[in-house]
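Reviewing the structure listed below.
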Amino acid sequence: MSKLAKLASPTFTGDQPVISASARHTVPSREDVIAFYRTHERLSWNLTEVLDLDWREIRIEELTQTDIDVVESALLVESNNPDYVAELLEYFKADSDVCDFLMMWGVEEWKHYYALYDYLVKAQTALAAKEPGLGGDPESDRLDKIARSIRAILDEKVRDVRETSEQNWGIPKHYAPVQVVANTTLQEFVTAEFYRHHAAHTKEPTLAKIESLLAKDETRHEMFYEAKTKDCLAADPDLMPMVIDALKEFGMPGTYLLSDYDERRAAMEQAAFPTLAEKKDAFVRLFAKVSRLVGRANALRVFTEGNYLTDGFDDAKRSKLRPELITRLLTRKLAL
């Protein structure tokens with residue numbers, strides 16, 4: 001089932017009216033945008049260095065098929081960025097401060113896609129170069145053809161993602177601004193968690209370095225969105241129920257972008273959090289994130305009443321988390 005179908009009748013927010021474009025704004029803060037820009041300048045990494053990497057520098061003997069699969073999944077989701085940014089700019093066109101931030105955010109996300117795409121092509125080319133009879137000559141006509149073939153396959157998959165994204169950008173049109181912002185900060189948090197922890201588990205050092213850079217960007221993004229969510233709630237506490245409902249039906253973008261996302265997500269989760277202890281610890285961090293947004297009691301409601309673990313739609317086959325189970329996880333953390 002595509003997310004387009006899932007969002008046709010959202011579980012918790014379906015009765016919300018669509019608000020006018022002029023009313024779609026957060027709490028303006030030019031200072032927040034400038035502060036983010038300062039970190040953007042200070043912490044921005046050099047994409048050119050990644051693109052100039054020689055494929056022979058990748059330690060393919062340390063690369064697993066899972067590494068390749070999850071990198072492809074991540075880059076396909078990242079390829080949606082132009083459409084997502086375009087939709088956000090249109091949605092928030094009445095809020096110049098948010099639009100200013102989105103311009104910087106979009107550039108950083110674009111770098112993520114290009115870095116992952118370039119790495120994957122080079123890694124797969126390096127693997128092909130070790131095949132018997134091919135040789136390691138980077139100028140080899142056969143090797144060039146292999147690289148072009150890899151890019152052609154990836155480009156076709158990216159086109160499929162972009163076509164899907166044109167039909168549905170993943171956030172219901174009736175969402176209020178604070179719901180859009182809260183949804184996006186959770187997306188950024190989960191993405192940062194994946195990059196950071198997969199970087200710690202992969203044995204291939206170049207991939208680990210790239211994913212660590214991406215994780216730092218995503219963390220800065222989610223911190224900005226978190227601050228905006230809190231600003232909106234501080235200015236109008238009556239918005240809290242809407243935020244809780246949006247978080248209850250939260251789902252990651254891959255749900256509607258990739259037809260085989262369930263399999264890809266399972267592989268990504270296992271690659272980044274391979275042990276039960278790591279999965280428990282990841283949940284504790286996620287719960288803490290939601291608690292920072294809406295408070296601990298409301299976070300309990302999100303996880304016991306909502307659909308987060310079913311990717312944003314109700315699934316009767318999966319049981320809800322019990323409050324006592326969450327409490328035990330949080331108090332004992334990694335106790336087995």
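The values are calculated or read from the model by the stated rules, or taken from the named source; none is laboratory data. Everything quoted here is computed from the prediction, not taken from an experiment. Here the Cβ positions follow ideal geometry from the backbone for every residue, glycine too, while neighbour counts run over all protein chains shown. For the accessible areas, the whole protein counts, side chains as well, though only heavy atoms, and no ligand, DNA or RNA atoms are used. Shrake-Rupley method; radii C 1.70, N 1.55, O 1.52, S 1.80 Å.
Once you charge only the Cβ atoms, +1 for Lys and Arg and -1 for Asp and Glu, what is the size of the charge dipole of the chain about its Cα centre, to the nearest 20 debye?
1260
Label points 7 Å out from Cα along the Cβ direction at D144 and M240: separation in nm?
According to this spin-label approximation, the distance is 6.5 nm.
How big is the dipole moment of the range 75-206 about its Cα centre under a simple scheme where the beta carbon of each Lys and Arg is +1, that of each Asp and Glu is -1, and everything else is neutral? Debye, nearest 20, please.
About 420 debye.
Per residue of the range 229-238, what does 6.51 cos²θ - 1.76 cosθ + 1.60 with θ = phi - 60° give for ³J(HN,Hα)? Whole Hz please, x for Gly and Pro, Karplus curve as stated.
So the J values, rounded to whole Hz, are 4, 5, 4, 5, 5, 5, 6, 8, x, 5.
Pick from T66, T184, T26 the residue whose mean-square fluctuation is largest in a GNM of the chain, springs joining Cα atoms under 10 Å.
For the chain, modelled as a Gaussian network with Cα springs under 10 Å, the answer is T66.
Just from its helices, what would the mean residue ellipticity at 222 nm be for the chain, if runs of 4 or more DSSP H residues each count -39500 (n - 2.57) and the sum is divided by every residue, rounded to the nearest 500 deg cm²/dmol?
-22500 deg cm²/dmol, from helical runs alone.
Go through the range 239-245 residue by residue and turn each phi into a ³J(HN,Hα) via Karplus (6.51, -1.76, 1.60, θ = phi - 60°); whole Hz please, and just put x for glycine and proline.
After applying 6.51 cos²θ - 1.76 cosθ + 1.60, I find 7, 3, x, 5, 5, 4, 5 Hz.
Go from 0 up to the bin containing the longest alpha carbon distance in the range 102-258, width 5 Å each, and give me the % of pairs per bin.
1, 8, 13, 15, 17, 15, 11, 8, 5, 3, 2, 1, 1, 0
For T66 and D52, calculate 0.36 nm times their separation in residues minus their Cα-Cα distance, and state this gained length in nm to one decimal.
Gain on extension, T66 to D52, equals 2.6 nm.
Using 0.36 nm per residue, how much length does the chain from S212 to E166 gain when fully extended, once their Cα-Cα distance is taken away?
Extra length available between S212 and E166 comes to 13.6 nm.
With all protein chains present, calculate the accessible area of W110 using a 1.4 Å probe and round the result to the nearest 10 Å².
Number for this one is 110 Å².
Semi-axes of the range 113-204's equivalent ellipsoid from the Cα gyration tensor, sqrt of 5 times each eigenvalue, largest first, rounded to whole Å?
37, 19, 7
Can you work out the Karplus-derived ³J(HN,Hα) for every residue in the range 256-261? Use 6.51 cos²θ - 1.76 cosθ + 1.60 with θ = phi - 60°, whole Hz, and x for glycine or proline.
For the range 256-261, the Karplus curve yields 9, 8, 10, 5, 9, 5 Hz.
Work out, step by step, the length gained on full extension between S259 and D15: first 0.36 nm times the residue separation, then minus their alpha carbon distance; give nm to one decimal.
Length difference between fully extended and current span is 85.1 nm.
Starting from the eigenvalues of the Cα gyration tensor, five times each then square-rooted, give me the equivalent ellipsoid semi-axes of the range 17-106, largest first, whole Å.
Output for the range 17-106: semi-axes of 36, 19, 9 Å.
If we count every other residue with Cβ under 9 angstrom of A215's Cβ, Lys/Arg +1 and Asp/Glu -1, where does the sum land?
Taking every other residue near A215 into account, the sum is -2.
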